[in-house]
Amino acid sequence: MVSEFIYRQPVEIRFGRGKLAELPEILAGRGLHRGLIVCGRHFAPEAQRLVEQNCGVVAVFSDLQLEPQLSGVEEAVRLAREYQVDCVIGIGGGSAMDTAKFVAAVAPTDADALTYFNGDRPLPERGLPIIAVPTTSGTGSEVTQVSVISHGATKRTINNPVFMPAVALVDPDLSDTVPARVVMCTGLDALAHALEGYWSRNHQPISDLMAVEAVRLVLGNLENAWRDPDDRIAHERMAYAALLGGLSFALPKTAGCHACSYPICEHFHVSHGEACAFTLDSFVRVNADERLEELCRRAGIGDTQQLADWINRMKALSGLPMKLSQLGEADTAQLARECAAHPLMNNNPVPMDEGALRNLFEALR
Ligand code: NAD
């Protein structure tokens with residue numbers, strides 16, 4: 001039953017193997033000539049080549065921390081100002097793209113990144129154009145207005161239109177070199193985005209369609225992509241699944257599983273994908289209802305029980321933590337308190353208070 005919704009998707013999406021070669025044309029077509037590339041170390045040599053080829057890129061920031069830190073943003077902002085760049089190109093996983101987004105927002109202002117991180121000033125309405133080029137198949141950051149940045153122990157997920165990329169350039173060639181464990185963690189993150197967008201209290205019909213397809217693609221391709229770096233079809237489909245996963249949650253936002261992922265990351269220093277995967281099958285069981293059963297049928301997995309079992313099997317197969325004891329010393333009462341207080345928990349279709357969350361974590365001991 002479709003009642004009422006607003007659907008918006010302002011990002012130009014270019015998808016396909018070899019698409020990175022279109023970067024010079026994309027920049028020139030938008031009148032951009034002084035780009036800053038923000039990337040991880042694995043992409044630094046290629047980024048330098050782009051500078052040398054004189055195709056619209058003038059500087060590279062590749063000193064990126066994972067779970068990106070504000071100090072990295074500050075450094076890249078200094079570079080952006082020094083080179084008077086006119087756009088920021090984030091090439092990498094979520095860490096690179098989210099850093100690029102923050103840099104693009106802050107660089108044209110006269111303030112430092114901490115001012116905006118602390119909320120001492122509202123983020124500007126417009127920043128430099130952002131070109132987002134994912135190299136992992138997971139976060140969907142290329143199509144969201146979210147930037148996740150940490151400052152010391154404080155990790156903030158900031159949702160603001162200034163972070164919306166102008167262009168998403170999704171080139172599956174770039175994910176060929178991703179290590180197997182990262183393939184699994186990011187793939188389960190993509191699955192979490194699709195499921196959470198679908199079961200979010202704010203879900204809506206167009207996002208739901210993309211969620212179902214993203215789930216179908218992850219179920220059919222993640223294991224092959226994890227097993228075989230040369231399975232080009234599986235990797236290509238995972239890149240598409242991650243893009244659809246991003247579109248699935250961009251408007252409805254995520255829910256309980258992501259709410260829990262932040263305290264889990266903070267306490268146990270695991271990656272974002274690992275933290276989401278840790279409770280994803282538990283939330284499938286908690287949120288099981290007729291709508292979720294329908295998603296399972298449409299995605300070709302029978303029912304919610306089989307979906308939860310499949311997630312569990314992927315974690316077991318790839319050696320991801322499945323019990324709290326594998327993460328570290330855990331105070332389930334404290335963990336439950338922090339997860340219950342996270343704003344995304346209000347988006348979960350089944351209300352989860354501290355007691356319910358403590359039971360969930362106790363079952364994972
Ligand atoms: P990541 O960016 O931290 O990268 C994971 C690892 O893979 C790194 O070691 C990186 O160097 C390596 N890597 C990436 N591409 C590679 C390649 N092509 N070849 C070899 N190695 C490669 O991981 P991620 O899961 O993509 O991003 C996680 C971050 O994104 C977290 O900070 C998370 O909070 C954030 N996030 C953001 C959004 C959003 O909408 N903005 C959504 C979900 C998660």
Problem set entry | Selection within the range 258-284 - surrounded by fewer than 24 Cβ atoms within 10 Å (Cβ to Cβ), within 13 Å of the ligand (Cβ to nearest atom) and small (Gly, Ala, Ser) | Ser271
Problem set entry | Any chance Pro165 is within 25 Å of Leu251 (Cβ to Cβ), touching an Asp or Glu at 6+ places or on another chain (Cβ under 8 Å) and surrounded by fewer than 23 Cβ atoms within 10 Å (Cβ to Cβ) | no
Exercise. Does at least one position in the range 139-159 carry a residue that is within 9 Å of the ligand (Cβ to nearest atom), touching a His at 6+ places or on another chain (Cβ under 6 Å) and touching a residue at least 12 places away in the same chain (Cβ under 8 Å)?
Worked result: yes
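Which of the helices (runs of 4 or more DSSP H) contained wholly in the range 248-343 include at least 3 residues that are out of contact with any Lys or Arg (no Cβ under 8 Å at 6 or more places or on another chain)?
Values: elements: 256-268, 272-286, 290-299, 304-318, 324-327, 332-341.
In the range 248-343, 256-268, 272-286, 290-299, 304-318, 332-341 are the helices (runs of 4 or more DSSP H) which contain 3 or more residues that are out of contact with any Lys or Arg (no Cβ under 8 Å at 6 or more places or on another chain).
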Exercise. Given the structure, is Ala234 within 18 Å of the chain's Cα centre (by Cα) and either part of a helix (DSSP H, G or I) or away from the ligand (no atom under 12 Å from the Cβ) (or both)?
Worked result: no
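Go through Gln65, Gln84, Gln69 for me and flag whichever is out of contact with any strand residue (DSSP E or B) (no Cβ under 8 Å at 6 or more places or on another chain), open to solvent by 40 Å² or more (accessible area, probe 1.4 Å) and within 12 Å of the ligand (Cβ to nearest atom).
That would be Gln65, the only listed residue that is out of contact with any strand residue (DSSP E or B) (no Cβ under 8 Å at 6 or more places or on another chain), open to solvent by 40 Å² or more (accessible area, probe 1.4 Å) and within 12 Å of the ligand (Cβ to nearest atom).
Quick grid of which residues meet (1) within 20 Å of the chain's Cα centre (by Cα); (2) not assigned by TED's automatic domain parsing to the domain that holds Ile131; (3) not in a helix (DSSP H, G or I):
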| site | (1), (2), (3) |
| --- | --- |
| Arg17 | no, no, yes |
| Ala28 | no, no, no |
| Ile37 | yes, no, yes |
| Ala44 | no, no, no |
| Val58 | no, no, yes |
| Leu64 | yes, no, yes |
| Ser71 | no, no, no |
| Arg78 | no, no, no |
| Val85 | no, no, yes |
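Specify the residue that is surrounded by the most Cβ atoms within 10 Å (Cβ to Cβ); the eligible residues are those in the range 349-360 that are within 9 Å of Ala333 (Cα to Cα) and not small (Gly, Ala, Ser).
Leu357
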Problem set entry | Residues that are open to solvent by 10 Å² or more (accessible area, probe 1.4 Å) and near the ligand (Cβ under 7 Å from one of its atoms), drawn from the range 186-204 | Thr186
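The values are calculated or read from the model by the stated rules, or taken from the named source; none is laboratory data. Just so you know, these numbers come straight off a predicted model, no measurement behind them. Glycine also receives a Cβ, built like all others from the backbone with ideal geometry; neighbour counts cover every protein chain displayed. The accessibility values were calculated without ligands, DNA or RNA, using every heavy atom of the protein model including side chains. Shrake-Rupley method; radii C 1.70, N 1.55, O 1.52, S 1.80 Å.
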